[in-house]
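K.L.:
Below is one structure. I have some questions about it.
The values are calculated or read from the model by the stated rules, or taken from the named source; none is laboratory data. Keep in mind that what you see is a predicted model, and the values were worked out from it rather than measured. FYI the Cβ positions are ideal-geometry reconstructions off the backbone, even for glycines, and counts take in every protein chain you see. In case anyone asks, the SASA skips ligands and DNA or RNA and just uses the protein heavy atoms, side chains included. Shrake-Rupley method; radii C 1.70, N 1.55, O 1.52, S 1.80 Å.
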Amino acid sequence: MAEVKWTNEQLQAIQEKDSNILVAAAAGSGKTAVLVERIIHKIIDEQMDIDKILVVTFTNAAASEMRERILEAIYKKLEENPENVHLQRQIILLNKASICTIHSFCLDVIHNHFYEIDLPSNFKIADTAEIDLLKQEVLDDLFEQKYTENDKNFIELLENYTNYRGDEALQELVLKIYKFIQSSPFPIKWLQEKLELLKIEDKDISQTIWGDLIIQTVEEDIQESIMQLEAVKSKIALYPEMTKFYQTISEDIINLQDLQKYNSWDELYIKLLNFNFCKWPVDKKVTNDLKEDSKEIRDKVKKHIKEKTAKLLSCSQEQAVKDLRIITPILEKLANLVTEFTKNFAEKKKEKNCIDFNDIEHFALKILLDENNNPTEVAKKYKEKFEEIAIDEYQDSNLVQEAILTSISKGNNIFMVGDVKQSIYKFRQARPELFLQKYDEYKNKEEKTQEDNLKIQLFRNFRSRQNILNITNLVFESIMSKELGDINYNENEYLNYGANYPETEEIKDYVGPTECEKDVVLYKANEPKARIEETEKITFSLGKIHSISSSIINYPDKEGNYGGDGRGTCALYDDKVLHATGNKSIVIYKNAEDVLSYAIEGEANENVKDLKKIANAEIRGSLINLSIDDSENTYEIAKNIIDTFKSNWNINIKTIVEYKNTQSDEVKKLDIKKC
């Protein structure tokens with residue numbers, strides 16, 4: 001087997017030490033191989049025993065696979081050096097090495113130190129069904145007690161959260177809150193901290209976490225509404241007979257944009273309260289279906305703003321503060337009920353000599369941290385034992401797991417691997433923001449000082465071909481942002497091609513022939529300022545290559561030049577246009593109408609005359625005649641036309657490249673870009 005050639009970034013992840021390290025490993029970047037190799041490097045090159053390393057995986061299957069890979073690597077090294085006593089010892093130590101899930105590690109802590117938390121040594125882990133029955137039993141007993149005592153606080157909760165049919169709604173709420181707070185290291189403490197946030201006194205409501213969330217949601221709603229109306233406006237602009245409707249939509253957009261200009265909660269509240277859309281025009285002479293389509297979209301926007309967005313901000317600053325003062329005592333009573341349930345449930349489990357899944361992490365944490373959140377003597381022993389803590393799938397860690405592993409670390413020996421784009425367990429209270437916080441704070445090797453922690457980015461993909469990565473990057477860049485996906489997907493986050501797959505005939509047959517029956521024109525740009533009416537082009541059509549000559553449509557650039565800088569010369573051939581961007585690049589366009597966009601960019605009115613030649617286009621089966629004149633609306637109309645023509649074009653670029661590479665050195669240097 002050929003020796004693995006690691007990239008520079010992978011080598012960093014394998015060899016770097018003496019600081020906490022976060023490896024942002026994109027899909028297909030070889031993160032598991034890197035993690036295994038790092039462990040092997042620790043064992044062989046740094047002579048570290050395998051039981052001195054804690055490896056935390058997300059699943060038991062991943063832990064088993066990790067053990068197998070490490071064992072295989074050790075055996076391979078032993079073949080090269082059979083007398084190596086250190087390696088022989090690692091095979092024995094591997095059986096008791098801490099390569100496991102976080103729950104397995106926590107159970108090990110509990111089994112070895114159960115006496116620290118007054119837990120019987122023969123405790124059992126109850127299954128889900130048993131725990132659910134136990135929860136309901138405890139909750140029923142608690143409610144029965146409250147009814148018997150005629151507890152005033154409990155009665156108030158019933159009045160606020162239930163109806164005449166029963167108290168099930170309040171029971172469900174207690175269980176839901178209990179389940180949610182288990183993802184916190186100290187659930188009851190967390191609950192009390194959140195109650196304190198409600199006591200805002202005279203603070204601006206928009207500065208609270210709830211007010212900020214409301215304001216943010218309102219702003220997003222307004223911006224989304226503007227975008228929808230802008231899309232309608234761009235379509236209406238194509239039809240002069242719909243000027244009235246165009247003006248109405250334009251006024252609506254201006255009014256919505258005015259909503260975005262405010263300085264306080266009350267100002268935005270008053271604006272939303274008094275906001276009205278313009279009256280929709282009535283014109284029976286206009287029979288275009290777009291009129292009704294536009295009205296339908298506008299009505300949906302109008303309804304959303306009036307019925308949903310405005311209700312988010314449904315009261316003034318003064319009223320909001322009053323409401324919080326009324327709500328806070330009720331929520332305090334609810335928190336007390338949840339706390340009482342938590343205590344009773346813990347006692348019932350102790351009575352039954354069992355623990356549940358959540359207890360595994362919380363009991364381990366209780367053993368490792370004291371009441372002041374300082375590491376206990378047990379934690380210090382683990383800290384001395386483990387030279388390195390490696391965490392796989394770090395993006396799916398929660399706050400409890402973070403506290404556990406931090407409590408046993410030396411402060412500079414945690415190695416974390418993950419990819420926030422692959423975080424899928426937020427519904428289980430996973431905290432990808434733990435990953436993101438470190439991603440922002442840690443430094444790349446070039447920027448890192450001795451005090452900084454290290455960030456390593458593995459964005460070369462060895463799993464997929466270039467075309468797969470291109471479309472993946474295109475989609476992700478379009479939809480993924482800090483708000484949606486927790487990260488701004490840009491060139492710094494792209495999946496980069498790292499493999500070297502052979503381009504074989506079998507692969508081409510698998511992909512299949514392109515359905516595109518149009519020729520592809522390869523055209524070399526002329527010298528600057530050279531206006532040429534005829535030129536030689538090379539045309540490729542599904543493997544068949546031939547030369548042709550045809551006229552060139554020439555459009556001047558902003559400086560009035562022709563043909564050198566990429567805006568001046570376009571070749572028109574059988575409704576396909578080749579646009580030359582200087583001597584070093586070729587851009588291929590699907591249809592002649594795409595030339596229109598560059599004529600617009602040229603900002604030259606004389607271009608309009610030539611555009612009349614390509615002013616007809618078929619869209620969705622219906623023929624639309626584009627009337628190009630010298631009105632001031634020409635360019636806006638043209639831009640909307642270009643947006644309408646957006647479509648995909650299948651083309652065998654690889655074959656073009658193969659052909660290009662058989663030509664002269666001058667042709668070989670040309671880049672081909674598909675637009």
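K.L.:
Take the residue pairs LYS271/LYS300; LYS233/LYS261; LYS152/LYS426; LYS52/LYS76; LYS343/LYS438 and return only those whose Cα atoms are more than 29 Å apart.
P.N.:
In this structure, LYS152/LYS426; LYS343/LYS438 lie more than 29 Å apart at Cα.
K.L.:
I want the local charge near VAL417. Using Cβ-Cβ distances under 10 Å, sum +1 for each Lys or Arg and -1 for each Asp or Glu among the other residues.
P.N.:
My count for the surroundings of VAL417 gives -1.
K.L.:
Find out how many positive minus negative residues lie around ILE200, taking Lys and Arg as positive, Asp and Glu as negative, among other residues whose Cβ is under 15 Å from that of ILE200.
P.N.:
-4
K.L.:
What is the mean projected area of the alpha carbon convex hull for the stretch 159-234, to one decimal in square nanometres?
P.N.:
Average projection, Cα convex hull of the stretch 159-234: 9.4 nm².
K.L.:
Another question, then. Sort 179-188, 119-128, 356-365 by packing, meaning the average of other beta carbons within 10 Å per residue, with the highest value first.
P.N.:
The most tightly packed comes first, giving 356-365, 179-188, 119-128.
K.L.:
Quick one: with all protein chains in place, what share of the accessible area of the stretch 220-282 is carbon or sulfur, to the nearest percent (1.4 Å probe)?
P.N.:
After summing per-atom areas, the C and S share lands at 52 percent.
K.L.:
May I pose another question? Each label point is 7 Å from the Cα along the Cα-to-Cβ direction; what then is the distance between the points at LYS96 and GLU332, in nm?
P.N.:
5.4
K.L.:
Continuing with this model, one more query. Tabulate in residue order the Karplus-calculated ³J(HN,Hα) for the stretch 242-249, using 6.51 cos²θ - 1.76 cosθ + 1.60 with θ = phi - 60°, rounded to whole Hz; enter x for Gly and Pro.
P.N.:
With coefficients 6.51, -1.76 and 1.60, one gets 9, 4, 4, 5, 4, 5, 5, 4 Hz.
K.L.:
Looking at the stretch 31-122, which trypsin sites (Lys or Arg not before Pro) are DSSP coil and have at most 12 other C-beta atoms within 10 Å of their C-beta?
P.N.:
Sparse-neighbourhood loop trypsin sites (Lys or Arg not before Pro): LYS96.
K.L.:
With a 1.4 Å probe and all protein chains left in place, how much accessible area per residue does the stretch 113-226 have, in Å²?
P.N.:
63
K.L.:
Among the GluC sites (Glu not before Pro) within the stretch 22-128, which fall in a DSSP loop and have no more than 15 other Cβ atoms within 10 Å of their own Cβ?
P.N.:
GLU46, GLU83
K.L.:
If you count, for each residue, the other Cβ atoms within 10 Å and average over each peptide, how do 146-156, 428-438 line up from highest to lowest?
P.N.:
So the order, starting with the most tightly packed, is 428-438, 146-156.
K.L.:
Give me the extension gain from ASP452 to ASP293: residue separation times 0.36 nm, minus the current Cα-Cα distance, reported in nm with one decimal.
P.N.:
51.5 nm
K.L.:
Tell me, what is the Rg over Rh of the stretch 113-163, with Rh the Kirkwood radius over Cα pairs?
P.N.:
Across the stretch 113-163, the Cα-based Rg/Rh ratio is 1.21.
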